[in-house]
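First comes the structure, then the notes that go with it.
Read-outs: derived from the displayed coordinates by stated rules, not from any lab. Remember, predicted model here, so these are calculated numbers, not experimental data. Here the Cβ positions follow ideal geometry from the backbone for every residue, glycine too, while neighbour counts run over all protein chains shown.
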Amino acid sequence: MTETEKIQALVRYRLEQAAEAIAAADLNLAGGLRRSAINRAYYAMFYAVLALLASRQAETSRHSGAIGQFDQLYVKPALLPKEFSRWLHEAFLQRQSADYGAEITPSNDEIATLLTRARDFLVGVRRHLNVDAPDEK
């Protein structure tokens, strides 16, 4: 396998992780597992960011590093919309709060909004990378 093929395989894998995380978020929300739904929705966006970074061989496992690189490499030069950055930062904070905080979990409607954003984020990343979703082939 060539280096280019390895990068493409990693990008596809990260996008699959993102899609699976969205599916898990849907199931969690439907099952009343709101904190888990928040976690999975954020991770869908994070995996999509990792796909972008993998395409540039700049992947990192640190959330703050990946988010910073996303802003620097994709949002600042306007390759992806500014609202993607806002959504990602908000999702990160919501995930932190849901996983570690003692605060009340957001409503189902707020989580549904987060899920919609995660879906739109993944669609935008796929479009940027020119990678169709598996059912679009």
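Convert each backbone phi in segment 118-128 into a coupling constant with the Karplus relation 6.51 cos²θ - 1.76 cosθ + 1.60 (shift: θ = phi - 60°), then list the ³J(HN,Hα) values in order as whole Hz, x for Gly and Pro.
Karplus values, whole Hz, x for Gly and Pro: 4, 4, 5, 4, 5, 4, x, 5, 4, 4, 4.
In nm, give the distance between the simple-model label positions of Asp26 and Thr60, each being 7 Å from the Cα along the Cα-to-Cβ direction.
3.3
Which ³J(HN,Hα) values, rounded to whole Hz and listed in residue order, are derived for segment 65-73 from phi using the Karplus coefficients 6.51, -1.76 and 1.60 in 6.51 cos²θ - 1.76 cosθ + 1.60 with θ = phi - 60°, glycine and proline given as x?
Values per residue, Gly and Pro as x: x, 5, 5, x, 5, 4, 4, 5, 8 Hz.
How long is the gain from Ile104 to Leu79 if the chain were fully straight, where each residue apart is worth 0.36 nm and the alpha carbon distance is subtracted?
Using 0.36 nm per residue and subtracting the Cα-Cα distance, I get 5.4 nm.
May I ask for the Kirkwood hydrodynamic radius of the chain, worked out over all distinct Cα pairs and given in angstroms to one decimal?
Hydrodynamic radius (Kirkwood, Cα only) of the chain equals 15.1 Å.
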